[in-house]
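First the structure, in the form of C-alpha cells, and then the observations on it.
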Amino acid sequence: MPYTLEDVTRLIEENMPSLSPTASKVIKLANNINTPPAELTQVIKLDPVLSAKVLKLVNSSYFSLSNQIVSLEKAVILLGLNTIKNLALSAAVLAQMESGKAHKDFDSEAFWKHSLAVGVTAKLIAQKRGVEKKVIEDYFISGLLHDLGVLAEFSVFPETVDRLLLAVESVNLYDAEDLILDGLTHCSIGHVLAQRWALSEELSNVLLQHHTPWDFDKPSELVLTVYIANIICKKHGIGLIMGVPPFEPDERAFTSLSITPSVENEILEVIEAEITKAMEFLKV
Ligand SMILES: [Fe+2]
Ligand SMILES: [Fe+2]
C-alpha cells in the first residue's frame, strides 16, 4: 500500500519531536520585522543555552567584530532579527536531529558536510549576485537545511533505508525514493516537517522544490540558488553524495539568477575555507 502525505504527517507527529516552545517563539518574533529587539531579548533570556549562543556568535570570528560584546540586547541589535532567527532555527533543528537515532549505514558526518557545503555555496552565490545583506544568511540556512527531509525520511521509514541506500548506487536519490516510496521523496517529506515546525514559507519551498524547481510555479531565487548549490557540491564530491547526481545545473537557473556557470570555479576556490568558517556558526 503506497504511503500518502497524511501517513507521512502522522508518522512525523509520532516519531519526530516538536521544536521547543522558546525556539518557536523566537523564530515567530524574529519573522516579524517590527519586533523590537528588547522584546526578542526578553524571550531569548528565557533560554540560557540560546542566550549563550547569541553572545558567542556575535563574538566569534564568523562576524569578526573588534569589540567584545557582553550585553545580550546589544548582541541582538548587532546580529539583527534575521540572524537571530537563523541561529535559533539551526540550533533547534540540529539539537532535534542529534537526538534522533541514525541508521547504521548512514554517514551523518558526510551528510552534515554536504549540508554545510550547500549552505556556504548558496550564500556565496547570493553574495556574488549582490543580494541584500540582511537576507544573505537566509541563503546559508536554506542550503544548510535543504535536505532535512532525508533525515525525516530515515527516521519515519527506517525499513526502506536499506533499499534506498542500495538503489542510490545506480540512480539518483530522488528517483530511487520516487520508486521505493511510491511517489514520496525527501522533498515532500521535508515539506511536511517544515509545516509541522512552522518554518517560513520560503524555507518550506526550498525543502520541497530544490530538486525540481520547474515543477512549481515561478520558483524563487532562493530555491534556484539552492538547486544550483546542491548540484555543484555533489558534482565536486563535497560531503555526502547519495545517488548519481545530474552533473550540470539546468541553464535556466543561471539565466533566472542573472549569473553565469563560471560562478562555480570562483566558489571552488574558497569553499573549504568558507565551510570551516561556517562551522563556527553551528558550533556556538
Ligand atoms: Fe535534496
Ligand atoms: Fe542535497
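Where a number appears in this text, it was derived from the coordinates with a stated rule and is not lab data. If you're wondering where the values come from, they're calculated on a predicted model, not measured in any experiment. Because the Cβ atoms are built from the backbone with ideal geometry, glycine has one as well, and the counts that use them run over all protein chains shown.
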**Prompt:** Which of rounded, prolate, oblate describes the chain, given a ≥ b ≥ c as roots of the alpha-carbon gyration tensor eigenvalues and a/c under 1.5 marking rounded, otherwise prolate only if a/b is larger than b/c?
**Reply:** oblate
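Which pairs break 29 Å Cα to Cα here: Lys45/Lys113; Lys25/Lys123; Lys56/Lys113; Lys74/Lys113; Lys133/Lys234; Lys53/Lys134?
Details: Lys45/Lys113 31 Å; Lys25/Lys123 26 Å; Lys56/Lys113 22 Å; Lys74/Lys113 32 Å; Lys133/Lys234 27 Å; Lys53/Lys134 20 Å.
The pairs that break the limit, which is 29 Å between Cα atoms, are Lys45/Lys113; Lys74/Lys113.
Could you size up the charge dipole of the chain around its Cα centre, putting +1 on the beta carbon of Lys and Arg and -1 on that of Asp and Glu, and report it in debye to the nearest 20? Could the numbers behind the result be given before it?
Values: 24 positive and 37 negative charges, 274 e Å.
Here the chain has a charge dipole of around 1320 debye.
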**Request:** With 5 Å bins from zero, work out the P(r) of segment 180-284 over every alpha carbon pair and list the percent per bin.
**Result:** 2, 11, 18, 20, 22, 17, 8, 2, 0
**Message:** What do you get for the angle between helix 21-31 and the principal long axis of the chain? Use alpha-carbon atoms, 0 to 90 degrees, nearest ten.
**Reply:** 80
**Message:** Based only on Cα atoms, what mean projected area does the convex hull of segment 176-226 have, in nm²?
**Reply:** 3.6
**Request:** Provide the descending list of Cα extents for segment 53-194 along its principal axes, expressed in whole angstroms.
**Result:** 53, 34, 24
**Request:** Per residue of segment 264-279, in order, report the coupling 6.51 cos²θ - 1.76 cosθ + 1.60 (Karplus, θ = phi - 60°) as ³J(HN,Hα) in whole Hz, putting x for Gly and Pro.
**Result:** 4, 5, 5, 5, 4, 5, 10, 4, 5, 5, 5, 5, 4, 5, 5, 4
**Complete:** Here D for segment 1-129, in µm²/s, from Stokes-Einstein with a Kirkwood Rh over Cα pairs at 4 °C and 1.567 mPa s, works out to 76
**Prompt:** Which of the aspartates and glutamates could be linked to Lys235 by a straight reach, that is with a Cα gap under 17 Å, when you skip same-chain ones fewer than 8 residues away?
**Reply:** Asp147, Glu169, Glu248, Asp250, Glu251, Glu264, Glu266, Glu269, Glu272
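Let me know the charge dipole size of segment 1-156 about its Cα centre in debye, to the nearest 20, where only the beta-carbon of Lys, Arg (+1) and Asp, Glu (-1) is charged. Could the numbers behind the result be given before it?
Numbers: 16 positive and 16 negative charges, 152 e Å.
Using only the charged Cβ atoms, the result is roughly 720 debye.
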